[in-house]
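The values are calculated or read from the model by the stated rules, or taken from the named source; none is laboratory data. Everything numeric in this text was worked out from a predicted model, so none of it was measured. Note that we place each Cβ from the backbone using ideal geometry, even for glycine, and neighbour counts take in every protein chain shown. All accessible areas refer to the heavy atoms of the entire protein, side chains included, with ligands and DNA or RNA removed. Shrake-Rupley method; radii C 1.70, N 1.55, O 1.52, S 1.80 Å.
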Amino acid sequence: MNAELKKLIDNAKRVVFLGGAGVSTESGIPDFRSETGIYAAQNRYGAPPEVLLSHDFFWKHTEKFYKYYRECLIFPTAKPNAAHHALAELERQGKLSAVVTQNIDGLHQAAGSKKVLELHGSIHRNYCTRCNKFYPLETVMNAKGVPKCSCGGIIKPDVVLYGEGLDSATLSEAINQIRRADLLIIGGTSLVVHPAAGLMDFFGGENLVIINLTPTARDVYATLCIRDRVGEVLKLD
């Protein structure tokens, strides 16, 4: 682990991690805006992700939604990387109070993290829009075309689509955790997508650390900025 960061963690009482897509790129999951990211696929579908992954598109063009969703957002063979494992270990040590993530891949839980606040939901939870029965990821993956419930209803991923609001209970708990932290580590996010980017405004603790490959507009507020991959910075010795 980065020596300066380790010192800040050692001296902290309550650490919270706020992560974005860059946390999972080292697991082979593309981010949004790189050349191989989710936005690059829009040329094959004739519309940007903001349309293809919107609430309206899901209901009006459900089959096309699922084609794009399966191709670009589900990576069932992805495994937790060094960042996920390091955060799980910090939680086991009693240092890390919570992971707040914008990711929907479930890799934090796969690495062993218990307190994970998924702002945008999870691909591993899917529900019938008619009877609310829940289904695992395998149901969506194995279905041909639009996955249907045993009652005949359409199954929808429990992820936040464009045009939908974040779950209020999850958002409230994320704000609470960040408010109570004395060290906030932000990793793998450009801090431009709201409302997640605005969560930093609730932090009033002593030290802020930002880990990202490129600069962010919030770097000026950070105690420590590290330009590197999150896994490389957090990996355990």
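Given a cut-off of 30 Å, name the pairs among Lys6/Lys156; Lys13/Lys114; Lys6/Lys115; Lys133/Lys235; Lys7/Lys115; Lys60/Lys115 whose C-alpha atoms lie farther apart than that in the structure shown. Checking Cα-Cα distances, Lys6/Lys156; Lys133/Lys235; Lys60/Lys115 exceed 30 Å.
Give the residue list of trypsin sites (Lys or Arg not before Pro) in segment 108-171 that are DSSP loop and have at most 12 other beta-carbon atoms within 10 angstrom. Sites meeting the loop and neighbour criteria: Lys114, Lys144. Using a cutoff of 8 angstrom between alpha carbon atoms and counting only pairs six or more residues apart, the relative contact order for segment 161-225 works out to 32 percent.
Please state the shape class of segment 108-237: rounded when a/c is under 1.5, otherwise prolate if a/b exceeds b/c and oblate if not, all from the C-alpha gyration tensor. Don't skip to the end; give the middle numbers.
Details: a/c = 2.52, a/b = 2.05, b/c = 1.23.
Prolate, since a/c reaches 1.5 and a/b exceeds b/c.
Relative to the dominant Cα principal axis of the chain, helix 168-180 is inclined by about 10°. Of all the options Asn212, Asn103, Asn132, the one that moves most in a Gaussian network model of the chain with Cα springs shorter than 10 angstrom is Asn132. Among Gly20, Gly106, Gly165, the largest mean-square fluctuation in a Gaussian network model of the chain (Cα springs under 10 Å) belongs to Gly165. Report note on the peptides 64-73, 167-176: ranked by the mean count of other C-beta atoms within 10 Å, highest first, their order is 64-73, 167-176. Accessible surface for His194 stands near 120 Å², nearest 10, in the context of the full protein assembly shown (1.4 Å probe).
Rg over Rh for segment 48-141 works out to 1.04, both radii taken from alpha-carbon positions and Rh defined as the Kirkwood radius.
Distances over 19 Å make up what percent of all Cα-Cα pairs in segment 181-235? All intermediate terms of the calculation are to be shown ahead of the outcome.
On the way: 322 of 1485 pairs.
Beyond 19 Å sits 22 percent of the P(r) for segment 181-235.
Using a cutoff of 8 angstrom between alpha carbon atoms and counting only pairs six or more residues apart, the relative contact order for the chain works out to 25 percent.
Once the dipole of the chain is set up with Lys and Arg at +1 and Asp and Glu at -1 on Cβ about the Cα centre, which of Gly28, Thr189, Tyr45 lies farthest towards its positive end? Among Gly28, Thr189, Tyr45, the one farthest towards the positive end of the dipole of the chain is Tyr45. Of all DSSP beta bridges confined to the chain, the antiparallel ones make up roughly 25%.
Compare Val16, Val192 by solvent-accessible area with a 1.4 Å probe and give them largest first, with all protein chains kept in place.
Working: Val16 0, Val192 90 Å².
Greatest to least solvent exposure: Val192, Val16.
Straight-line reach from Lys67: taking Cα to Cα under 19 Å and skipping same-chain neighbours fewer than 8 places apart, the aspartates and glutamates in range are Asp31, Glu50, Asp56, Asp105, Glu138, Asp158. Remark: C-alpha extents of the chain on the principal axes read 55, 35, 31 Å, sorted largest to smallest. Of the GluC sites (Glu not before Pro) found in segment 94-164, the ones in coil according to DSSP and having at most 16 other Cβ atoms within 10 Å of their Cβ are Glu164.
For the chain, the longest principal axis of the C-alpha atoms and the axis of helix 82-92 are separated by about 70°. Note on the chain: GNM, Cα springs under 10 Å; of Gly198, Gly188, Gly152, the largest mean-square fluctuation is that of Gly152.
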